[in-house]
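**Student:** Would you mind keeping the following structure in view while I ask a few things?
The values are calculated or read from the model by the stated rules, or taken from the named source; none is laboratory data. Everything quoted here is computed from the prediction, not taken from an experiment. Every residue, glycine as well, gets a Cβ built from its backbone with ideal geometry; the counts of neighbours run over all protein chains shown.
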Amino acid sequence: MSGIRKNRIAKSVAAATAAAVLFVGAVPAFADEDAVYRTVEEIQESGSIRIGVFSDKSPFGYVDEYGEYQGYDVYFARRIGEDLGVDIEYVSTEAANRIEYLQTGKVDIILANFTVTPERAEEVDFALPYMNVALGVVSPEDAVIESLDEIGEDQQVIVISGTTAETYLEKNNPEIRLQKYDAYAEAKTALENGNADAWANDNTEVIAFAIENEGFVVGIPSLGSADTIAPAVTKGNESLLNWLNEEIKALGEEAFFHQDYEETLLSTYGEDYEDTLVVEGGVIGGEEAETEA
């Protein structure tokens, strides 16, 4: 074989090897070929973790004017990356695809105001909670809705697809006409433009909306049962689930989530809501919350 021929073959092999390396780097590598999740060890070996967060839900998860992710959930995500010793790859998610992103391995953790429900716990594993939440309803101040019974046949209520508000209303008030949106920004615009009569969502979200938008009032501050928000991982990923639970307990000892609130939510909700909304160390009412494993 000529020297020229050998040189061409060597270059081809080098190019193929480089392509293979790039390909492996772009696709999650799993020790168990049947698993769609990565263990803590695999995440640390890769040097980065993929965390699903909202990009348009201020003050919990949003992209600021500099293109940086900010908010209550993002503040927590940064600490997770720091304590794991890895970089963070934020994956913009919407409410309707949170479960899908975990089940397909697109993300390792979801931190996107994910309310814990029995139905969701059948499809993903929830770690200990870090926030309390209930449903609420916001409406224009000149036509405040203070009870679902006040909603007439010709009126519509906005909900975000894939949220507990959608599930609750479809189950308990099927007669109410729902106007569904995938993105929070679209829902906010629709309410501001008068395209619907009210918006049902997490009470934290509707309270923030009413504070930031003159002319709107939270007529129903609490609807249904009180729930919690927690990180979620792919079903069966006990390695990452156990790490998260221990992390949340340890962070509770330094009042981390109160600090998170004060850095990211205080300007929106004030001091009065801090102890109501924050769950520290996974403890609710003096007892550690149960997790799904």
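**Student:** Among the residues of the stretch 103-113, write down those that are surrounded by 24 or more Cβ atoms within 10 Å (Cβ to Cβ) and more than 16 Å from residue 49 (Cβ to Cβ). Outline the logic, then answer.
**Tutor:** Of all residues in the stretch 103-113, those surrounded by 24 or more Cβ atoms within 10 Å (Cβ to Cβ) come to 107-113.
Once the filter is applied, which keeps residues that are surrounded by 24 or more Cβ atoms within 10 Å (Cβ to Cβ) and more than 16 Å from residue 49 (Cβ to Cβ), the stretch 103-113 yields only 113.
**Student:** Hey, among the residues in the stretch 168-185 that are under 12 Å from residue 137 (Cβ atoms) and either in the same structural domain as residue 117 (by TED's automatic domain parsing) or not polar (S, T, N, Q) (or both), which one's surrounded by the most Cβ atoms within 10 Å (Cβ to Cβ)? Let's see the steps before the verdict.
**Tutor:** Step one: of the stretch 168-185, the residues under 12 Å from residue 137 (Cβ atoms) are 168-169, 173, 176.
If we keep only those that are either in the same structural domain as residue 117 (by TED's automatic domain parsing) or not polar (S, T, N, Q) (or both) too, we end up with 168-169, 176.
On the way: 168: 17, 169: 24, 176: 18.
Among those that are under 12 Å from residue 137 (Cβ atoms) and either in the same structural domain as residue 117 (by TED's automatic domain parsing) or not polar (S, T, N, Q) (or both), it is 169.
**Student:** Of the residues 71, 61, only one is closer than 18 Å to residue 277 by Cβ, free of Cβ contacts under 8 Å to residues at least 60 places away in the same chain and not assigned by TED's automatic domain parsing to the domain that holds residue 185; which? Don't jump to the end; show me each part of the working.
**Tutor:** Numbers: 71 fails: free of Cβ contacts under 8 Å to residues at least 60 places away in the same chain.
Matching residue, one of 71, 61: 61.
**Student:** Got a sec? Which of 238, 254, 214 is touching a residue at least 12 places away in the same chain (Cβ under 8 Å), among the acidic types (Asp, Glu) and on the phi < 0 side of the Ramachandran plot?
**Tutor:** Details: 254 fails: touching a residue at least 12 places away in the same chain (Cβ under 8 Å); 214 fails: touching a residue at least 12 places away in the same chain (Cβ under 8 Å).
From the options 238, 254, 214, the qualifying one is 238.
**Student:** Can you name the residue in the stretch 59-83 that is buried (at least 19 other Cβ atoms within 10 Å of the Cβ) and more than 17 Å from residue 257 (Cα to Cα) and is also nearest to the chain's Cα centre (by Cα) among such residues?
**Tutor:** Applying the filter and picking the extreme gives 62.
**Student:** Moving to a separate point now. Give me a count of the residues in the stretch 42-58 that are surrounded by fewer than 23 Cβ atoms within 10 Å (Cβ to Cβ), closer than 23 Å to residue 207 by Cα and either outside the structural domain of residue 99 (by TED's automatic domain parsing) or not acidic (Asp, Glu) (or both).
**Tutor:** 2
**Student:** Next up: Any residue that is under 29 Å from residue 100 (Cα atoms), among the β-branched types (Val, Ile, Thr) and either at pLDDT 95 or above or in the same structural domain as residue 169 (by TED's automatic domain parsing) (or both) - is there at least one of those in the stretch 214-223?
**Tutor:** We begin by selecting, within the stretch 214-223, every residue under 29 Å from residue 100 (Cα atoms); these are 222-223.
Adding the requirement that they be among the β-branched types (Val, Ile, Thr) leaves none.
No.
**Student:** Does the stretch 120-140 include one or more residues that are among the aliphatic types (A, V, I, L, M) and over 18 Å from the mean Cα position of the chain (by Cα)? Steps first, please.
**Tutor:** Pass one, the stretch 120-140, residues among the aliphatic types (A, V, I, L, M): 121, 124, 127-128, 131, 133-135, 137-138.
Imposing the further condition that a residue be over 18 Å from the mean Cα position of the chain (by Cα) reduces the set to 137-138.
Checked against the condition, which is being among the aliphatic types (A, V, I, L, M) and over 18 Å from the mean Cα position of the chain (by Cα), the stretch 120-140 yields at least one hit.
**Student:** Take the residues of the stretch 120-167 that are closer than 21 Å to residue 102 by Cα and among the polar types (S, T, N, Q): which is surrounded by the fewest Cβ atoms within 10 Å (Cβ to Cβ)?
**Tutor:** Filtering the stretch 120-167 for residues that are closer than 21 Å to residue 102 by Cα and among the polar types (S, T, N, Q), the one surrounded by the fewest Cβ atoms within 10 Å (Cβ to Cβ) comes out as 161.
**Student:** Restricting to strands (runs of 3 or more DSSP E) lying wholly in the stretch 1-108: which have 2 or more residues that are modelled with pLDDT of 95 or more and of a type in the set (S, T, N, Q)?
**Tutor:** none
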